């Protein structure tokens, strides 16, 4: 996470999910699930963009300061892979 203020002095947080996967395969009919090699085997896991979005939603739901100060949360993912 990276936090700071914009030009209007409004709080912002960038939530970045980093992955070092070699390959990624979409699973038909599964919007937030992908298959990749991790933990010694091919596994179906949550897509990193969805993972970052879900972190942002949890913070919005459970952090009173983020709610009261209207902190902007910006989830994103960086995955340097080959798409299959």
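The values are calculated or read from the model by the stated rules, or taken from the named source; none is laboratory data. No experiment lies behind these values; they were computed from the predicted model shown. For neighbour counting, all protein chains shown are included, and Cβ atoms are generated from backbone atoms with ideal geometry for every residue, glycine included.
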Task: strands (runs of 3 or more DSSP E) (entirely within the chain) containing at least 2 residues that are in contact (Cβ under 8 Å) with a residue 24 or more places away in the chain - done: 11-19, 23-26, 72-79
- [ ] Please go through segment 25-41 and pick out each residue that is under 15 Å from residue 81 (Cα atoms) and out of contact with any helix residue (DSSP H, G or I) (no Cβ under 9 Å at 6 or more places or on another chain).
- [x] 25, 26, 35, 36, 37, 38
Task: residue 84 vs. criteria modelled with pLDDT under 95 and in contact with a strand residue (DSSP E or B) (Cβ under 9 Å, 6 or more places away or on another chain) - done: yes
TODO: Could you figure out which of (1) more than 30 Å from residue 3 (Cα to Cα); (2) at pLDDT 95 or above isn't true of residue 25?
DONE: (2)
